[in-house]
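Take a look at the structure set out below.
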Amino acid sequence: MSSVESFGYHQQLDRALSTRDLVVYGMIFMVPIAPFSPFGFVWDTAKGMVPLAYLIGLVGMFFTAMSYASMSRAFPLAGSVYTYAQRGLHDIAGFFSGWLILLDYILVPALLYLFSAVALRPLFPAVPQWLWLTAFIVFNAVVNLIGVRFTARLNRWMLGIELATLALFVVCGLLALHAGKGAGGLTWRPIYDPAVFSLSTVVGATSIAVLSFLGFDGISTLAEESRGDRNAVARATLLSLLLIGALFMLQTWIATDLARGMTFTSAETAFYEIAERAGGRLLRLIVILVVVLASAIANAMAAQAAVARILYAMARDGKLPAVLAKIHPRFQTPHVSTLVVAVISLLVGLFFAERVDDLTSIVNFGALSGFLILHLAVINHFFLRSRSRDWLRHVVCPVVGFAIIGYVLVEMDTAAKILGGCWIGIGIVYYLVLTFLIKKPVVLEV
């Protein structure tokens, strides 16, 4: 266990999480059945090569996870990429990496609530979408306010439900393929279809598919609540990513071959239609209900916890209003930040209610841009500043990760890049006001 006092802070959060809890948290954040919701969007963009898009996403995220692992060992603090860029590069880099990752973390809960509301629409057409949003947000806010111990117990139960549902789909899907449905068996076309393959097409689809992997980085936000050794966060980050990546590949491969010859009602409901082909209406109903539990409860709860701790870390350093750094005296949670995230999630969810695809792209822009700064921080801190000779972890991994993430960003939807650029512009204005008008610079000893 590492002391936050050695970095100039006081231990305020509850150190209650084991390495297993961190792995479960990472898997819950990424969601073992995450490809269910965006499957139709990835299918359209990748021209059917969905598993290939997830494979490329896994490779890119692996190198990024290696950079997270390196920095989490060096700086076992809450704040994730904000802390790593701040201490590995410069205070300004820290602010903007935190600002960018906030674009991801603040918007992710709203996106998850919308996915869940869409899934429930056929079952409860009379229930307005805003009511689902409000109910999910209130429930998750209360659970996160109670504390990480309760959240960790709930996460274990939710992970079990998701894995059982995924196993049911895999079994039913394989049996359906064996019975002659879809492609009539597993084929190589989902991995490589020479008739439609192009690198830009698959990479464009990867910019959507990568949403499913976002969450392994959230483990680092719990560094000050881990009771494990200095390597606990690093181990949990890599292990959860690899486990989830294997599950993503398996389910999308089966789903893609099952979908052969199908015409979907909409991209949003594509996977539910595939589930019905695999196991009838009962399987479709089970999938819908578990997607709602996984997205609107488990995943969104993890996302709210992560962004609340980034707000806490940035506020603790004077980069955001100090009130966001307040800790509840009984539950030892950043309760003000948690409530602020809940309110923002409701507003964003209402605004993007009919533009889910746009919200997906914007979320990815924030995360991927933050990852670019992270890779630079690894190179600067270990290779240039500390003269490390571990070329694989401190040069090769961040360089390759930077190249892959950078290419995915270039191929991203233009609207997402424009909106992301506007977010950066707002951040520049805010930083200038903070530094030159309010005059609250924070100097850290690295």
The one condition in (1) part of a loop (DSSP other than H, G, I, E, B); (2) buried (at least 20 other Cβ atoms within 10 Å of the Cβ) that residue 14 fails to fulfil: (2)
Only listed residue being assigned to a helix (DSSP H, G or I) and under 13 Å from residue 378 (Cα atoms), chosen from 67, 97: 67
The lone exception for residue 65 - which of (1) touching a Ser or Thr at 6+ places or on another chain (Cβ under 6 Å); (2) modelled with pLDDT under 90 it fails: (2)
Residue match in the range 158-175 (condition: touching a Ser or Thr at 6+ places or on another chain (Cβ under 7 Å) and touching a residue at least 12 places away in the same chain (Cβ under 8 Å)): no
Contacts under 9 angstrom Cβ, first residue in the range 191-205 being of a type in the set (Asp, Glu), partner assigned to a helix (DSSP H, G or I), 6 or more apart: 193/52
Residue that is farthest from residue 307 (Cα to Cα) [pool: residues in the range 106-140 that are surrounded by fewer than 22 Cβ atoms within 10 Å (Cβ to Cβ) and small (Gly, Ala, Ser)]: 126
Helices (runs of 4 or more DSSP H) wholly inside the range 330-415 that include at least 2 residues being touching a Pro at 6+ places or on another chain (Cβ under 9 Å): 335-351, 356-378
Filtered residues of the range 75-93 (kept if in a helix (DSSP H, G or I), farther than 20 Å from residue 10 by Cβ and over 15 Å from the mean Cα position of the chain (by Cα)): 84, 85, 88, 91, 92, 93
Residue in the range 247-265 that is over 23 Å from the mean Cα position of the chain (by Cα), farther than 27 Å from residue 410 by Cβ, without any contact (Cβ under 8 Å) to a residue 24 or more places away in the chain and surrounded by fewer than 24 Cβ atoms within 10 Å (Cβ to Cβ) present: yes
Residue 230 of a type in the set (Lys, Arg), over 19 Å from the mean Cα position of the chain (by Cα), within 20 Å of residue 23 (Cα to Cα) and assigned to a loop (DSSP other than H, G, I, E, B): yes
Which numbered condition residue 192 misses (of (1) at pLDDT 95 or above; (2) surrounded by fewer than 22 Cβ atoms within 10 Å (Cβ to Cβ); (3) hydroxyl-bearing (Ser, Thr, Tyr)): (1)
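The values are calculated or read from the model by the stated rules, or taken from the named source; none is laboratory data. This structure is a prediction, so every number in the text was calculated from the model and none was measured. Positions of Cβ are generated from backbone atoms using ideal geometry, with glycine treated the same way; all protein chains shown enter the neighbour counts.
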